[in-house]
Amino acid sequence: MRFAAILFLALAWSAPAYAQRDPVHEALDAYALYQTDITEMLELQVMGPEDIDAALERAVRHDPARVSQGWIAYGALTAAQSPAFVRGVRSRVTAAGRAPVLRQVRRDITYARRRPPGAGEAIQLILAAGAADGARLATAGARYQEFGDRLEVSAWAHDTAALRDARNTRLRALSQHRRALNPAQAPILHINAASASPLTNAEAFGGARFWDALAARASARPPTTAWRESTVAAPSTDRMLTLAALVILNAAPSEPTRVAAMLDDQRTRHCLAMEQLQLRQCASVANYANEDAYCLARHGLTAPGQCFAAIAVAP
C-alpha cells in the first residue's frame, strides 16, 4: 500500500513541461496581456499625438480586477518555482497525507507560510518579482514623463471638446473588451511547479527580467536584493503561497472555490482600480498631448507599478 502511494505521488509530481489550463493559469493570462502592453509602451516611439493616444488605450484597456487576479496568480506560480518550498510542501504530504494537507490549505490562509519548510525562499521570489514588476512600470512612467516634458504644446492640442468627449467614451469602454493570450506563449506561461529557475536565471518565469525576456527585449540585470516583506501587503503574500501550495499539490483545478477566494486580493484590486479611474479623469480634462503623457506617466504606469511593488520593502 505504501509503495502504491509513493508511486502515485511520483506520477502526480512528474509533470510535463507545461500544465493543462486551470483557474490559476486562466487568471495569469490577464496579467501576461497587461505586461505585454507595458512592453509595447516601453518600446513605442512617440512621433505624434496618435502615439500618445495609442499608449493611453493600452493603459486603460485592462480590467483592474482581472489584472489583480493575474498578478496574484503570477506570484503564486513564481513561489511554486522555489525548490525549497516545493520540497517542503511535498514533505508535509509524505508526513501527514495529501488530504489532511489540502484541508489545512483550504481553511487556513497562513498554513502555507507557517507549516511547510522552505516558505522563506518562496517569499523572497514573490517579493523580488513584485519589486521587479514595479520597477519596470516606473521605468515606463519615467519615459512618458520625458515625452511630456519635450512635447510642443501648441502643435499637439486636441481639436475640439467633442472629439475629446468621444475619446473619453472610447477609453471607458475599452476595459470591458477581453483579448486572448498569444497561443505561442502558453507553454512558457502555463507551467507547473519546479519547472523554472528564477533563483539562478533572471530571465526565467518569475525572474526579474522575465517579461522583457518573453518579448526578446534587452534590459539591464537588476541587482540581487534581499527584500523585506511589507506588513501591509502580507495578506497578498499569503494568498500567493496558498495558491502555490495548491499548484504544487496539483490541486488547483479541483479547488475552484479556494482558488477564486485567494485570487481576489482587495488591496491590489482597489489600488489598480483607483489609478485607472484617475487616469481616465486626468485624460478627460487634458487639452494637450503633453498633458496626456503626464497622465499616463503618473496614473497609467508609475502608480500602478507601486501597487505591485508595495509588497516588498528595500532592506
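The condition (being of a type in the set (A, V, I, L, M, F, W, C), within 30 Å of Thr224 (Cα to Cα), assigned to a helix (DSSP H, G or I) and at pLDDT 80 or above) is satisfied by just one residue among Ala194, Ala186, Ala204: Ala186.
Residues in the stretch 125-142 that are surrounded by fewer than 20 Cβ atoms within 10 Å (Cβ to Cβ) and either among the charged types (D, E, K, R) or out of contact with any helix residue (DSSP H, G or I) (no Cβ under 8 Å at 6 or more places or on another chain) (or both): there are none. Just need a number here: residues in the stretch 171-204 that are more than 18 Å from Leu33 (Cα to Cα), in contact (Cβ under 8 Å) with a residue 24 or more places away in the chain and of a type outside the set (Gly, Ala, Ser). Residues in the stretch 171-204 being more than 18 Å from Leu33 (Cα to Cα), in contact (Cβ under 8 Å) with a residue 24 or more places away in the chain and of a type outside the set (Gly, Ala, Ser): 4 in total. Of the helices (runs of 4 or more DSSP H) lying entirely inside the stretch 53-112, those carrying at least 3 residues that are of a type in the set (D, E, K, R) and over 30 Å from Gln278 (Cα atoms) are 83-96, 98-107.
A residue that is closer than 15 Å to Leu296 by Cα, touching a Phe, Trp or Tyr at 6+ places or on another chain (Cβ under 7 Å), at pLDDT below 90 and surrounded by fewer than 20 Cβ atoms within 10 Å (Cβ to Cβ) occurs nowhere in the stretch 53-63.
Here Met262 fulfils each of the conditions (1) in contact with a Lys or Arg (Cβ under 7 Å, 6 or more places away or on another chain); (2) of a type outside the set (S, T, N, Q); (3) surrounded by fewer than 23 Cβ atoms within 10 Å (Cβ to Cβ); (4) part of a helix (DSSP H, G or I) apart from (3). Just a yes or no: is a residue in the stretch 179-200 touching a Pro at 6+ places or on another chain (Cβ under 7 Å) and surrounded by fewer than 20 Cβ atoms within 10 Å (Cβ to Cβ)? Yes - at least one qualifying residue is present in the stretch 179-200.
Of everything listed in (1) within 27 Å of Ala194 (Cα to Cα); (2) buried (at least 20 other Cβ atoms within 10 Å of the Cβ); (3) out of contact with any Leu (no Cβ under 7 Å at 6 or more places or on another chain), the single unmet condition for Gln81 is (3).
The values are calculated or read from the model by the stated rules, or taken from the named source; none is laboratory data. What you are looking at is a predicted structure, and each value in this text was computed from that prediction instead of being measured. Positions of Cβ are backbone-derived with ideal geometry, glycine not excepted, and every protein chain shown enters the neighbour counts.
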